[in-house]
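Okay, so here's the structure we're looking at.
Read-outs throughout are calculated quantities, based only on the coordinates presented, and are distinct from any laboratory measurement. Note that the coordinates shown come from a computational prediction; the quantities given were computed from them, not determined experimentally. Cβ atoms come from the backbone with ideal geometry, glycine included; neighbour counts cover every protein chain shown.
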Amino acid sequence: MLILGIETSCDDTGVALLEIMSDKFRVLANLVFSQVKIFKKYGGVVPEIAARKHLENLLPLLEKVMKERKIETKDIDAIGVVYGPGLITSLIVGIETAKTLSLIWQKPLVPINHVKAHILANWIEGDKGQLKKIEFPAICLVVSGGHTILALLKNENDIKVIGQTRDDAVGEAFDKVAKILGLGYPGGPIISEKAENADKEFYKLPRPMINSRDYDFSFSGLKTAVKNVWEWEPIKDKENVRKMCAAFQQACIDVLTKKTILASREYNAKSILLGGGVSANKELRKQLEGQAKTEFGEKVKFYQPDLHMTTDNALMVALAAYFEVGADLDKFNETWRSIKVEPNLEI
Ligand code: KG4
Ligand code: ZN
C-alpha cells in the first residue's frame, strides 16, 4: 500500500509518501516546509499568514515529491490528511486540497487526528524496516505546542486520554518563557540549548500539580513564576538566562516524568511512549528513559520517535492512515464528501 500523507495543522506544510507491505515499511519521501523563519519576527504563529503559506507551498511540495520519486497518481492507494485538532485556517488548506485530489484521482481519503499521528510516530524508525511491535497496554506522553496529554493505548486504534493540561501546553510554556527571557521563537529548541550544562538549582521554581492525584497538568503558573522571578532578578546576564532555562526545563520534566511513571504503574503498562514537538527535548528523552528503567527495569520498554518525527510532519500522518484503514480501504472511497475540519477535535 502506498499512502500519501498531508499535514497542514499549524505552521508546517508536510507531504510524505509511505509504502507499507504487511509489517514492512519504506519511506519514499517526507518533506516539510517550515514557516518558522516567517514567524520569528512575530514571536508566534499568525494563523492567516500560515494558511496563505500552506496554499502557496502545498501543491508545489506535492509535485516535487511525486516527480523526484517518480510516483504517478495511479501508484497511490490512499491519501491521509489531518482534519484536526489545529488552526482552522491552516487545516482547511490541507483538507480541501486532499478532498480535491481524492475526487479527481479517485482515491480513498482517510481523515487523521493530529495528536494520534504524533503518538503513532513511535512505530517507525529510520527510512525502512519493520514496523515496531509495541506491546500493550502502553502509556504515551504527548507534548507539543498545542497539547500535553497522557494517553492509554490498548492497541494502535484504541487510544484514551487519561490526563491533560488544564491551561497552557508545555510547548506553549517553552515558547512563552523564551519570550520573557528575550530569546526568540520557537522557544523550545532555544531553551533546551541554553539549558545544557547550566545550573538548574539556582532558581527555585514550582512543580505545578506534581502531587495532584490525577494525570492532569498545568503550566501557566510555572510560566508566571518565571516571569516574577525574572522581574526581580537584577543581573539579567547570559549566565543567569542559562540558569533560568535549566530551572524551567527541569520543572517541566519533573512533572511530566513523575505523572508518566505513575500512570504506567497504575495501568500496568508494558510500553512507555513519547510524542509531539517537545519530545525533541534531549533532557526529557534522557530523563524519562532513565526513570522508566530505574522504576521498571526490563519489564517496560521505552520508545521515542526519531527526532525528525517529533515535530509536525506528514510521515506520521501517512502511518496513522495505514493503521486507520486496517483491512477496509473501500470504507474511505467516498469520505471526501463528508470530511470536515475539526479544530478542537479530541482523541
Ligand atoms: O508538535 P509540534 O511541532 O506542533 C504542535 O503540534 O504544536 O510542537 C511544536 C512545539 C513548540 O512549542 C516548540 O517550542 C516545541 O514543540 N519544541 C521543543 C523542542 N523542539 C520543539 N520544546 C522543548 N525542547 C525542544 N528541543
Ligand atoms: Zn503537532
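Table for the structure above
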item	result
Estimated Rh, the stretch 269-347: Kirkwood, alpha-carbon pairs, angstrom	15.4 Å
Scaled radius of gyration (Cα, divided by 2.2 N^0.38 Å) that the stretch 108-197 gives	1.32
Centroid-to-centroid separation of the stretch 75-109 and the stretch 144-179 [C-alpha atoms, Å]	25 Å
Cβ charges +1 (Lys, Arg) and -1 (Asp, Glu), total dipole of the stretch 61-178, debye	260 debye
The chain, relative contact order in percent, only Cα pairs under 8 angstrom and at least six apart counted	26 percent
Helical segments meeting 24 Å axial Cα length and Kyte-Doolittle 0.0 threshold in the chain (DSSP H)	88-105
All Cα pairs of the stretch 1-71, percent lying beyond 13 Å	65 percent
Footprinting exposure proxy for Lys238, Lys132 (fewest neighbouring C-beta atoms within 10 Å first)	Lys238, Lys132
Coordinate range along principal axes, alpha carbons of the stretch 138-305, Å, largest first	51, 29, 27
Mean separation of Cα contacts under 8 Å, 6 or more apart, over the residue count of the stretch 138-305: relative contact order %	28 percent
Rounded to 5, the percent of DSSP beta bridges in the stretch 138-305 classed as antiparallel	55 percent
The stretch 98-118 residues near the modelled Asn333 label - backbone nitrogen below 13 Å, point 7 Å along Cα→Cβ	106-109
Percent of Cα pairs exceeding the 33 Å cut-off, where the set is the chain	28 percent
For the stretch 138-305, size of Cβ-based charge dipole, Lys and Arg +1, Asp and Glu -1, in debye	220 debye
Ellipticity estimate at 222 nm from DSSP helix runs (n ≥ 4, -39,500 (n - 2.57)) divided over the chain, nearest 500	-13000 deg cm²/dmol
Normalised per residue, the volume of the convex hull around the Cα set of the stretch 215-260 (Å³)	51 Å³
